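Asker: Structure provided below as structure tokens; questions to follow.
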Amino acid sequence: KMNNINVVWFLSAEYYYPLFSKYISTVWDMQHLTHSKFPENASFFRKFYRGLVIKNFLKHSHRVITGSTILIKLIKREYKISSKKFIYNNHPTPSVFINTKKQFKKIKGLRNFFLYPANFWQHKNHMNLFEGFKKFNDQNKNKFKLVLVGDIKDKSHYKKLRLKYKKNFRKNFIILNFVRLNYLIQLYDNCLALIYSSFAGPENLPPLEAMARKKNIICSNYPGAKEQLKNIPIYFNPKSPASIVYALNNFVKQKIKKQFFVRNTRDYVDRVIKEIKND
């Protein structure tokens, strides 16, 4: 009030209660509804908490931003939000991935590798990816590696992965855990392609990051993927290791190169401001 601010823009939809008379909320996903079978989303408390908080926050929002028609339909159905409230605005590309200079320096000990940056949660689908990649690598005389970046959030699930693929693990996989941003960009610049196997969406950052670094994408066809990424990736069925094998071989054999695009953050913000000014 002291600064004459009459609209507040929240970059999430998970707040305890409305703090301002006029505010905008942003919805990236609804995984407590769309992917509730996974343990990280399945607890009664988590589903109850997210459902109640999001419902109340969206109900009192002046406008709701999301970049997915799937989410718009889901929110309208579950929370009875009016169509007039929505601002359709696709997730912007993180500017650091656009603006950082190309990292030409090779990484010691890493060559011919695919990159998957994702924390170790079950919905990130490492199990099927490991199975598919191992079969693909066997078919290609173990010429490739899968480099995995991310925190180990589900430790028991991670142990199962390591145990199941203990034999010849080093032939196929390199796990780097959490890495600094500059090193992540270097990994993007040196990888053959991003492979993104998550079950969940509809808006994910790694494919946008990969395109900003002009890297090809081999991607799960999670609901909303094609709306976000169009025809840029080679898509596969995340439930099928055989589909993952086919997509990887398709990339290697055909050496597919496609157009890339970036979504500027300034344009994203300007779109929201324009909508609000028109209210």
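Asker: Could you say which residue among LEU52, LEU115, LEU129, LEU33 is open to solvent by less than 40 Å² (accessible area, probe 1.4 Å), in a helix (DSSP H, G or I) and out of contact with any Asp or Glu (no Cβ under 6 Å at 6 or more places or on another chain)?
Answerer: Going through LEU52, LEU115, LEU129, LEU33 in turn, just one is open to solvent by less than 40 Å² (accessible area, probe 1.4 Å), in a helix (DSSP H, G or I) and out of contact with any Asp or Glu (no Cβ under 6 Å at 6 or more places or on another chain): LEU129.
Asker: Collect the residues in segment 193-203 that are open to solvent by 10 Å² or more (accessible area, probe 1.4 Å) and modelled with pLDDT of 95 or more, keeping them in residue-number order.
Answerer: PHE199
Asker: Can you pull out every residue in segment 238-259 that is open to solvent by less than 70 Å² (accessible area, probe 1.4 Å) and in a loop (DSSP other than H, G, I, E, B)?
Answerer: PRO238, SER240, ILE256
Asker: Can you tell me how many residues in segment 167-181 are touching a residue at least 40 places away in the same chain (Cβ under 8 Å) and open to solvent by 50 Å² or more (accessible area, probe 1.4 Å)?
Answerer: Total meeting the criteria: 1.
Here's the yes/no breakdown for (1) in contact (Cβ under 8 Å) with a residue 60 or more places away in the chain; (2) within 22 Å of LEU248 (Cα to Cα):
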position	(1), (2)
THR100	yes, no
GLN103	yes, no
ASN112	yes, yes
HIS123	yes, yes
LEU129	yes, yes
ASN137	no, yes
ASN142	no, yes
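Asker: Can you tell me which residue among ILE98, ILE70, ILE75, ILE87 is in contact with a helix residue (DSSP H, G or I) (Cβ under 8 Å, 6 or more places away or on another chain), surrounded by 15 or more Cβ atoms within 10 Å (Cβ to Cβ) and not in a helix (DSSP H, G or I)?
Answerer: ILE87
Asker: Does ILE232 satisfy the criteria of being surrounded by fewer than 17 Cβ atoms within 10 Å (Cβ to Cβ), of a type in the set (Val, Ile, Thr) and in contact with a strand residue (DSSP E or B) (Cβ under 8 Å, 6 or more places away or on another chain)?
Answerer: Here the answer is no, as ILE232 does not meet what is asked.
Asker: Condition first: open to solvent by 20 Å² or more (accessible area, probe 1.4 Å), hydrophobic (A, V, I, L, M, F, W, C) and outside any loop (DSSP other than H, G, I, E, B). Now tell me which residues in segment 132-166 satisfy that.
Answerer: Of everything in segment 132-166, just one residue is open to solvent by 20 Å² or more (accessible area, probe 1.4 Å), hydrophobic (A, V, I, L, M, F, W, C) and outside any loop (DSSP other than H, G, I, E, B), namely LEU163.
Asker: Same structure, new question: Tell me which residues, restricted to segment 250-275, are of a type outside the set (Lys, Arg), more than 23 Å from the chain's Cα centre (by Cα) and at pLDDT 90 or above.
Answerer: VAL252, ASP270, ILE273, GLU275 - these are the residues of segment 250-275 that are of a type outside the set (Lys, Arg), more than 23 Å from the chain's Cα centre (by Cα) and at pLDDT 90 or above.
Asker: Okay, moving on. Determine if segment 11-21 includes at least one residue that is modelled with pLDDT under 90, surrounded by 15 or more Cβ atoms within 10 Å (Cβ to Cβ) and within 19 Å of ALA200 (Cβ to Cβ).
Answerer: Taking every residue of segment 11-21 in turn, at least one turns out to be modelled with pLDDT under 90, surrounded by 15 or more Cβ atoms within 10 Å (Cβ to Cβ) and within 19 Å of ALA200 (Cβ to Cβ).
Asker: Let me ask something additional. So which residues in segment 167-199 are of a type outside the set (A, V, I, L, M, F, W, C) and either assigned to a loop (DSSP other than H, G, I, E, B) or within 18 Å of the chain's Cα centre (by Cα) (or both)?
Answerer: LYS167, ASN168, ASN177, ARG180, TYR188, TYR196, SER197, SER198
Asker: Okay, moving on. Could you give me the residue pairs with C-beta distances under 9 Å whose first residue belongs to segment 201-228 and is closer than 16 Å to SER243 by Cα, whose second residue is basic (Lys, Arg) wherever it lies, and which are 6+ apart or on separate chains?
Answerer: Pairs found: ILE217/LYS258.
The values are calculated or read from the model by the stated rules, or taken from the named source; none is laboratory data. Because the structure is predicted, anything quoted here is derived from the model rather than measured. Glycine gets a Cβ as well: all are built from the backbone with ideal geometry, and neighbour counts include every protein chain shown. Each accessible area value is taken on the protein alone, full model and side chains, heavy atoms only, with ligands, DNA and RNA left out. Shrake-Rupley method; radii C 1.70, N 1.55, O 1.52, S 1.80 Å.
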